[in-house]
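Worksheet: one structure, shown below.
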Amino acid sequence: MASKFEKYYKRRLLSSYFSVVLSIGLVLFMLGLLGMLIVNSKKVTDHFKEKIALTVFLKDNAKEVEVIQLTKALKLSPEVRNTVYISKDEAAKKHSQAIGEDFVQFLGTNPLQNGIDVFLNADYVSSSSIETLVDTITSNAFVDEVSYDKPLIDLLNNNIKKISFWILITSGILALIAVLLINHSIRLTIYAKRFTIKTMQMVGATKAFIRRPFIRLNMKLGIVACLLAVVGMFVVLYYLDRAFPNLYFFENQLLLAAVFGGVILVGLFITWLSTFFATSRFLGLQTDELYY
């Protein structure tokens, strides 16, 4: 009978430990994913911003040396990430492929202009910065006009601000939920041993002595949960990197290490704090209060 009871008790104990590890691991995994989203959100938004291009249309009488000088000046500008010269013949070819018809042969002439596609650095993709750059470019007499999608840029910047705001709100809510869930899981495991705690206290054990084994045990469980969360985050990040190679998720390894390390430190801190206060609560209860 004692053997069966011991086996039953061990199974209950292992089940309790497993539920603690799983709950802490899942919560830290979600927090870690959110942390990676926050860290990489700027990279993602920068990726989309840098796909937007200004098209500088050149007059037919523009000299080659003038175009070269303008291209070099743009490349030296802090706002500009890259420039691509597109001749009128190349533009006509691309346009014909897009519409599926050779419009040059139909018209008998090529109405398009030589141009330069200007790709900006993400920090300068705003209406005010672009307008300043456009004024500088159009001051050249051989430039006909500069075309860009202003409504798209305004819409992109507004949406990024809204998304950033809601990410911060979500981060705060999930952080609070994480603390509550981890604290609840640990309190349940300590609640199951409340009579043991009271017995130790009644025979003269100090509060620090009683807390020590609980903190040691839960810290071990917390370490296992943190490692599971980090492994899960790495797997998700690996597949995201495979799906979106242009975003270079593994490019800044120091930043990733900081996120993984932050998840581990946060998990261990919350585990220690929850264990400390949970044991303190049961140490402060009277014997008759342990039954409620």
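Here are a few things to note about the model shown:
- Members of segment 62-77 found to be exposed (fewer than 11 other Cβ atoms within 10 Å of the Cβ) and within 35 Å of the chain's Cα centre (by Cα), listed by number: Leu76
- The residues on offer are Met219, Met233, and the sole one that is within 12 Å of Thr271 (Cβ to Cβ) and in contact (Cβ under 8 Å) with a residue 40 or more places away in the chain is Met219.
- Among the helices (runs of 4 or more DSSP H) confined to segment 119-238, the ones with at least 2 residues that are open to solvent by 80 Å² or more (accessible area, probe 1.4 Å) and closer than 30 Å to Gly262 by Cα are located at 150-191.
For (1) out of contact with any Pro (no Cβ under 7 Å at 6 or more places or on another chain); (2) under 20 Å from Ser164 (Cα atoms); (3) at pLDDT 75 or above, each residue gets a yes or a no:
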position	(1), (2), (3)
Ser3	yes, no, no
Leu26	yes, no, yes
Leu34	yes, yes, yes
Leu37	yes, yes, yes
Leu70	yes, no, yes
Lys75	yes, no, yes
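- Near pairs, Cβ below 7 angstrom, 6+ apart or cross-chain, from segment 66-87 (closer than 9 Å to Asn121 by Cβ) to any residue that is of a type in the set (Phe, Trp, Tyr) and at pLDDT below 90: Glu79/Tyr124
- Candidate set: segment 25-50, residues that are part of a helix (DSSP H, G or I) and over 22 Å from Gly261 (Cα atoms); chosen: the one most open to solvent (accessible area, probe 1.4 Å): Phe48
- Flag for Phe209 being under 28 Å from Val21 (Cα atoms), without any contact (Cβ under 8 Å) to a residue 40 or more places away in the chain and out of contact with any His (no Cβ under 8 Å at 6 or more places or on another chain): yes
The values are calculated or read from the model by the stated rules, or taken from the named source; none is laboratory data. Here the structure is a predicted model, which is why all the values come from computation and not from measurement. So basically every Cβ, Gly included, is an ideal-geometry build from the backbone, and we count neighbours across all protein chains shown. Accessible surface is based on the protein model in full, side chains and every heavy atom, while ligands, DNA and RNA are left aside. Shrake-Rupley method; radii C 1.70, N 1.55, O 1.52, S 1.80 Å.
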